[in-house]
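Written below as structure tokens is the structure these notes are about.
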Amino acid sequence: GESVGLHLPTLSVQEGDNSIINCAYSNSASDYFIWYKQESGKGPQFIIDIRSNMDKRQGQRVTVLLNKTVKHLSLQIAATQPGDSAVYFCAENYPSNTGKLIFGQGTTLQVKP
Amino acid sequence: GAGVSQTPSNKVTEKGKYVELRCDPISGHTALYWYRQSLGQGPEFLIYFQGTGAADDSGLPNDRFFAVRPEGSVSTLKIQRTERGDSAVYLCASSLTSVLLAGSADTQYFGPGTRLTVL
């Protein structure tokens, strides 16, 4: 069935290192993808998005890469900080003619000081 | 500016009772979405409004769940005859436009959620 999944449930990194969080999606027709950060007890916070006509998009300290050939999405965080510790979700807009987002189960990022 | 707000932040109710959850979207946002998030899971889509109309309610689990947005701003999610399985965090999001209005998806900004506990 339709699903968006993450390869690793927990990622532990040293403060200052770069982090890479991966995501596999199932629907080749999806044309819009979003990364969210969720801290305990809070709602998902928008980080960065990308449309299917792009393969890379950069923000402040974050980069999203999209590989449509293998249906893979990744989030790169540069110089990871303790405040980056949270659960990260990727989401895809599918069907693309609706407003529906399908979320994966999330990856927990732990930043060690 | 103010983000999406949801009230109450916590709601405890007894099985069989009726509950209403409220969402105030970001001012000027035309689209509004409801999701449900169980512990340890990603949010699951329930319903989406463009303006006052429900554009997609395919995620509502059954007819005990209903949502309205009468004036195209505030929305209320209503759950009748609550069951223990309805316990979850109910999230609301809004976006400036939507695929229905603009032909492409727009960024959805989430509120803090309402934690519903059914005893």
- Under 9 Å between Cβ atoms, at least 6 apart or on separate chains: pull out the pairs that start in segment A:57-72 with a residue that is without any contact (Cβ under 8 Å) to a residue 24 or more places away in the chain and end on any residue that is in a loop (DSSP other than H, G, I, E, B) and open to solvent by 70 Å² or more (accessible area, probe 1.4 Å). A:R61/A:Q81; A:L65/A:D55; A:N67/A:D55
- Task: Collect the residues in segment A:23-38 that are of a type in the set (D, E, K, R) and more than 18 Å from A:Y88 (Cα to Cα), keeping them in residue-number order.
- Result: A:D31
- strands (runs of 3 or more DSSP E) enclosed by segment B:1-102 - at least 1 residues per element that are away from chain A (no Cβ under 13 Å), touching a strand residue (DSSP E or B) at 6+ places or on another chain (Cβ under 8 Å) and surrounded by fewer than 16 Cβ atoms within 10 Å (Cβ to Cβ): B:5-7, B:10-13, B:19-24, B:65-68, B:75-79
- Note on the structure: Selection from segment B:103-119 of residues part of a strand (DSSP E or B), surrounded by fewer than 19 Cβ atoms within 10 Å (Cβ to Cβ) and of a type outside the set (S, T, Y) yields B:R115
- Do you know which residues across segment A:36-60 are among the basic types (K, R) and more than 30 Å from B:Q6 (Cα to Cα)? A:K56, A:R57
- Message: Yes or no: segment A:34-50 includes at least one residue that is away from chain B (no Cβ under 14 Å) and β-branched (V, I, T).
- Response: no
- Item | Test result for A:S28, touching a Lys or Arg at 6+ places or on another chain (Cβ under 7 Å), loosely packed, with under 15 Cβ neighbours inside 10 Å, at pLDDT 95 or above and not acidic (D, E) | no
- Message: Looking at (1) in contact with a strand residue (DSSP E or B) (Cβ under 6 Å, 6 or more places away or on another chain); (2) more than 10 Å from every other protein chain (Cβ to nearest Cβ), which one does A:S28 not meet, given that it meets all the others?
- Response: (1)
- Subset of segment A:49-72 [open to solvent by less than 40 Å² (accessible area, probe 1.4 Å) and not in a loop (DSSP other than H, G, I, E, B)]: A:D49, A:I50, A:V62, A:T63, A:V64, A:L66
- Task: Would you confirm whether any residue within segment A:38-48 is buried (at least 22 other Cβ atoms within 10 Å of the Cβ), of a type in the set (F, W, Y) and at pLDDT 95 or above?
- Result: no
- Checked segment B:38-56 for anything within 24 Å of A:G104 (Cβ to Cβ) and within 13 Å of the chain's Cα centre (by Cα); matches are B:P43, B:E44, B:F45, B:L46, B:I47, B:Y48, B:D56
- Task: Could you please find all residues in segment A:75-101 being modelled with pLDDT under 95, open to solvent by 10 Å² or more (accessible area, probe 1.4 Å) and touching a strand residue (DSSP E or B) at 6+ places or on another chain (Cβ under 8 Å)?
- Result: A:Y94, A:S96, A:T98, A:K100
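The values are calculated or read from the model by the stated rules, or taken from the named source; none is laboratory data. What you are looking at is a predicted structure, and each value in this text was computed from that prediction instead of being measured. Cβ coordinates were reconstructed from backbone atoms using ideal geometry, including for glycine residues, and neighbour counts include every protein chain displayed. For the accessible areas, the whole protein counts, side chains as well, though only heavy atoms, and no ligand, DNA or RNA atoms are used. Shrake-Rupley method; radii C 1.70, N 1.55, O 1.52, S 1.80 Å.
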